[in-house]
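S.K.: Below are the structure tokens for one structure; questions will follow.
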Amino acid sequence: MKVLVVGASGQIGGHLVQRLRAAGHEVRGTYQTKQVPGLEALDLDDEAALRAASRRFAPELVILSAGWTWVDGNEDDPEASRRRNCDRPLLLADLCAEQGARFVTYSTDYVFDGERGGYREEDPTGPLNVYGEAKLALEEGLLARDAGHLILRTSTVYGPERQGKNFVYQLVRRVRAGLPFRVPTDQVACPSYGPDVAQATLDLVERGASGLWHVVGPDALDRGAFARLVCEEWGLDPAGIEFKPTAELGQRARRPLQASLDTSKLAAAGISIRGVRAGLRAMREAAESGAWAAP
Ligand SMILES: NC(=O)c1ccc[n+]([C@@H]2O[C@H](COP(=O)([O-])OP(=O)(O)OC[C@H]3O[C@@H](n4cnc5c(N)ncnc54)[C@H](OP(=O)(O)O)[C@@H]3O)[C@@H](O)[C@H]2O)c1
């Protein structure tokens, strides 16, 4: 199958490309700022380039793992947030529909207000920040089209990656270097092992899935507890970490506090994401093997 991965230089995108190629698919991928050999440059802000890229390769499947993921940055620029995280993804979905290609993309637990956690796919939403609002508008736009698009809500993605920028990398580097690192103690979510999220994406595509799916790990834990497990795995002393409630952190965008997602639907399809301890162990081993960035 001919597959286009938009955002192939990112953490989920990198694993998608690797797995798709290993399965024998013909894959093209894009980056925006982090040039990777074999990938093409593409900026979602450049509408003409987006149209050209989707036509040039005539893909049968397009997976959009690109997005503007800096939550506080989105808060400062709602217009860019809406364009990059909603409008351009919808345009790409429409181009796919015109060309008869399947379209898959990612959303977030930040579409919920975090009042209670354990959310199912059909539960009422209520984003607290600009990033969550843009992603919710994307979900609603895709579902309204009733065109078989597939949307995976994920959360706190970690694991080995090319750029080495996810929470675990940042924590390990800073704690090792004796630099300050602040972690909220009251933001509960379901950390999700990136390579498993990529695999689950491909499994859902293979099953012909469409609509909304929660694709997160099985453990609901607060960021502080997650940080302690990272320290355990890497043999680091958590004493250097500043554990603080969200109210004291001064983050620009509001965060949902109880943002765990229910994955019964995913489990019923026979798909799961590994738990945090197993994920951190696998991440350390993969990073040490030299195949991905080392923390
Ligand atoms: N990471 C999480 O915890 C998390 C949680 C919930 C949902 N999600 C969603 O899952 C998806 C994948 O996340 P990820 O963790 O793989 O993200 P990531 O590692 O930050 O990668 C983002 C990708 O998007 C590309 N990109 C960013 N801005 C772009 C633009 N304007 N035009 C074209 N490409 C652009 C990046 O390119 P360069 O790096 O080359 O600039 C990179 O390839 C995103 O939609 C994200 O919102 C992620």
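S.K.: What pairs come up if the first residue lies in the stretch 62-76 and is open to solvent by 30 Å² or more (accessible area, probe 1.4 Å), the second is among the charged types (D, E, K, R) and more than 10 Å from the ligand (Cβ to nearest atom), and their beta carbons are under 9 Å apart, counting only those six or more places apart or on different chains?
M.R.: Correct list of pairs: 68/77; 75/252; 75/254; 76/252.
S.K.: Which of (1) in contact with a helix residue (DSSP H, G or I) (Cβ under 7 Å, 6 or more places away or on another chain); (2) under 30 Å from residue 209 (Cα atoms); (3) hydrophobic (A, V, I, L, M, F, W, C) is the odd one out, the single condition residue 234 does not satisfy?
M.R.: Going through (1) in contact with a helix residue (DSSP H, G or I) (Cβ under 7 Å, 6 or more places away or on another chain); (2) under 30 Å from residue 209 (Cα atoms); (3) hydrophobic (A, V, I, L, M, F, W, C) one by one, residue 234 breaks only (2).
S.K.: Inside the stretch 177-219, can you point out the residues that are farther than 20 Å from residue 257 by Cα and of a type in the set (Gly, Ala, Ser)?
M.R.: Narrowing the stretch 177-219 to residues farther than 20 Å from residue 257 by Cα: 177-180, 193-213.
If the condition is that a residue be farther than 20 Å from residue 257 by Cα and of a type in the set (Gly, Ala, Ser), then 177, 178, 194, 198, 200, 208, 209, 210, 211 are the ones that fit.
S.K.: Next question, about the same structure. If residue 89 satisfies all but one of (1) surrounded by fewer than 19 Cβ atoms within 10 Å (Cβ to Cβ); (2) without any contact (Cβ under 8 Å) to a residue 60 or more places away in the chain; (3) within 22 Å of residue 202 (Cα to Cα), what's the number of the condition it fails?
M.R.: Condition (1) is where residue 89 drops out.
S.K.: Also, quick follow-up: Just checking: which of the helices (runs of 4 or more DSSP H) contained wholly in the stretch 58-149 hold 3 or more residues that are within 18 Å of residue 7 (Cα to Cα) and modelled with pLDDT of 95 or more?
M.R.: It comes to 78-82, 88-99, 130-145.
S.K.: Quick check on residue 175: is it touching a Cys at 6+ places or on another chain (Cβ under 9 Å) and surrounded by 17 or more Cβ atoms within 10 Å (Cβ to Cβ)?
M.R.: Values: touching a Cys at 6+ places or on another chain (Cβ under 9 Å): yes; surrounded by 17 or more Cβ atoms within 10 Å (Cβ to Cβ): yes.
It is true that residue 175 is touching a Cys at 6+ places or on another chain (Cβ under 9 Å) and surrounded by 17 or more Cβ atoms within 10 Å (Cβ to Cβ).
S.K.: Also, quick follow-up: For residues that are in contact with a helix residue (DSSP H, G or I) (Cβ under 6 Å, 6 or more places away or on another chain) and acidic (Asp, Glu), tally how many sit in the stretch 122-167.
M.R.: The qualifying residues number 1.
S.K.: Same structure again: How about the stretch 34-60: which of its residues are within 13 Å of the ligand (Cβ to nearest atom), in contact with a helix residue (DSSP H, G or I) (Cβ under 8 Å, 6 or more places away or on another chain) and charged (D, E, K, R)?
M.R.: 40, 43, 45, 47
S.K.: Outside any helix (DSSP H, G or I), closer than 24 Å to residue 118 by Cα and open to solvent by 40 Å² or more (accessible area, probe 1.4 Å): does that describe residue 254? Lay out the reasoning, then the answer.
M.R.: Working: outside any helix (DSSP H, G or I): yes; closer than 24 Å to residue 118 by Cα: yes; open to solvent by 40 Å² or more (accessible area, probe 1.4 Å): yes.
Yes; evaluated as a whole, the condition is true for this residue.
S.K.: Working only within the stretch 176-205, note down all residues that are more than 16 Å from the ligand (Cβ to nearest atom), part of a loop (DSSP other than H, G, I, E, B) and not aliphatic (A, V, I, L, M).
M.R.: First, pick out the residues of the stretch 176-205 that are more than 16 Å from the ligand (Cβ to nearest atom): 176-182, 185-186, 203.
Right, trim to part of a loop (DSSP other than H, G, I, E, B) and you get 177-180, 185-186.
Matches in the stretch 176-205: 178, 180, 185, 186.
S.K.: Is it the case that some residue within the stretch 139-151 is open to solvent by less than 60 Å² (accessible area, probe 1.4 Å) and within 26 Å of residue 188 (Cβ to Cβ)? Before the answer, list the steps.
M.R.: Initially, the stretch 139-151 is screened for residues open to solvent by less than 60 Å² (accessible area, probe 1.4 Å), giving 139, 141-142, 147-151.
Narrowing further to those that are within 26 Å of residue 188 (Cβ to Cβ): 139, 151.
Looking for residues that are open to solvent by less than 60 Å² (accessible area, probe 1.4 Å) and within 26 Å of residue 188 (Cβ to Cβ), one finds at least one in the stretch 139-151, hence yes.
S.K.: Let me spell it out: the conditions are (1) open to solvent by 30 Å² or more (accessible area, probe 1.4 Å); (2) in a loop (DSSP other than H, G, I, E, B); (3) within 14 Å of the ligand (Cβ to nearest atom), and residue 164 meets all of them except one. Which number is the exception?
M.R.: Tallying (1) open to solvent by 30 Å² or more (accessible area, probe 1.4 Å); (2) in a loop (DSSP other than H, G, I, E, B); (3) within 14 Å of the ligand (Cβ to nearest atom), residue 164 fails exactly one: (1).
S.K.: One residue is enough: does the stretch 34-51 have a residue meeting the conditions open to solvent by less than 20 Å² (accessible area, probe 1.4 Å) and not in a loop (DSSP other than H, G, I, E, B)?
M.R.: yes
S.K.: Right, next: What's the number of the only condition in (1) more than 13 Å from the ligand (Cβ to nearest atom); (2) closer than 19 Å to residue 96 by Cα; (3) open to solvent by 10 Å² or more (accessible area, probe 1.4 Å) that residue 3 fails to meet?
M.R.: (3)
S.K.: Hey, can you tell me all the residues within the stretch 276-294 that are closer than 11 Å to residue 195 by Cβ, open to solvent by 10 Å² or more (accessible area, probe 1.4 Å) and at pLDDT 95 or above?
M.R.: 282
S.K.: Would you check which residues across the stretch 6-33 are within 9 Å of the ligand (Cβ to nearest atom) and either small (Gly, Ala, Ser) or open to solvent by 70 Å² or more (accessible area, probe 1.4 Å) (or both) and list them?
M.R.: 7, 8, 9, 10, 13, 14, 29, 32, 33
The values are calculated or read from the model by the stated rules, or taken from the named source; none is laboratory data. Fair warning: this is a prediction, and the values are worked out from it, not measured in the lab. For neighbour counting, all protein chains shown are included, and Cβ atoms are generated from backbone atoms with ideal geometry for every residue, glycine included. Please note that ligands, DNA and RNA were not included when accessible areas were found on the heavy atoms of the full protein model with its side chains. Shrake-Rupley method; radii C 1.70, N 1.55, O 1.52, S 1.80 Å.
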